[in-house]
Structure formats: C-alpha cells, structure tokens
1. So how many residues does the stretch 19-44 have that are touching a residue at least 40 places away in the same chain (Cβ under 8 Å), surrounded by 16 or more Cβ atoms within 10 Å (Cβ to Cβ) and of a type in the set (A, V, I, L, M, F, W, C)?
2. It is to be established whether one or more residues within the stretch 15-33 are within 20 Å of the chain's Cα centre (by Cα) and of a type in the set (Ser, Thr, Tyr).
3. Just to be sure, is TYR74 in a helix (DSSP H, G or I) and either at positive phi or under 14 Å from the mean Cα position of the chain (by Cα) (or both)?
4. Considering only the stretch 18-44, state which residues are assigned to a loop (DSSP other than H, G, I, E, B), more than 29 Å from ALA104 (Cα to Cα) and of a type outside the set (S, T, N, Q).
5. Looking at ALA73, ALA66, ALA50, ALA89 in this structure, which one is assigned by TED's automatic domain parsing to the domain that holds THR111 and closer than 25 Å to ARG112 by Cα?
6. For MET47, indicate whether it is on the phi < 0 side of the Ramachandran plot, of a type outside the set (D, E, K, R) and buried (at least 17 other Cβ atoms within 10 Å of the Cβ).
7. What is the one condition in (1) of a type in the set (Val, Ile, Thr); (2) in the same structural domain as LEU109 (by TED's automatic domain parsing); (3) under 30 Å from THR111 (Cβ atoms) that ILE12 does not satisfy?
Amino acid sequence: MDVSRRCNQCGIRLSEPIPRICPSCSSDMSAVGTWSELDDWIKTQRMGRARYVLVRGVLCWGGLMALGLSIGAYLRGADAIVFVFIVIACVIGGVFVGRSNWNAGEKELVTRRPRYQANGDGKRD
C-alpha cells in the first residue's frame, strides 16, 4: 500500500511538499486534489469486513471465476453437477480471497498509519 500522494487527474506520484501545479498534466492541484492508496483503504474500512468479503471476494472474484469456469465447462459439454460444483468452489474461494485481502490491507494499514498521521493532518511526513 503506497502512502505517497497522487494527482487525481493523471495519477502521478507527487513529491513532498505537494506542488501547486502537477508536473505531469499541469493541473492546478488545489482544484484537482490528491489521493493515496492508504486513503482508499481507510474508505474501504468503513464498508466493513463482511461487506468487503461479500462484494470484493465472493461477488467480484468468485463471480468472475464461476463465470469463466462455467463457460469453459459448457463448451466441453459438462453435466449440471459440474456447474453446481463450480459455483460452490468459487463462493468458498471468494470468501478466502476476500478475507485474505482484507487481512493484508489491515496489516499494511497498521504498518503504515503511524508514519502517515505523524503530522496530524492526514498527509505523509
């Protein structure tokens, strides 16, 4: 998880202190604004772990895997039981992927947050 600030317009990493004009896209930084991956994770935390696992793990990862595997199984002429197995396996896999990603994000937040909030204004020191 990167704590460096990025331009909202072009996504380039900005040096500290943040310049008034983006060196890449020449946008006015006060109008465009900045973001960081740490800010995104803090917003994701508000979603809650259960919802994150359901949306990002089960629906996104598991749904796409189930869709892809089902198309492959259909093209090979698989029986209906294979599709049931695919869906069950992808839901279980999605829970695992969602929880793993959540735990990795939380671990990274604990590692990075003290340095990130050292000066109290939410900007990296």
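The values are calculated or read from the model by the stated rules, or taken from the named source; none is laboratory data. Being a predicted model, the structure only gives us computed values, none of them experimental. In this analysis, Cβ positions are derived from the backbone assuming ideal geometry, glycine residues included, and neighbour counts consider all displayed protein chains.
1. The total comes to 2.
2. no
3. Considered against the rule, which asks whether it is in a helix (DSSP H, G or I) and either at positive phi or under 14 Å from the mean Cα position of the chain (by Cα) (or both), TYR74 comes out as no.
4. Hits for the stretch 18-44 are PRO19, ARG20, CYS22, PRO23, CYS25.
5. That would be ALA50, the only listed residue that is assigned by TED's automatic domain parsing to the domain that holds THR111 and closer than 25 Å to ARG112 by Cα.
6. The answer is no for MET47.
7. Unmet condition: (2).
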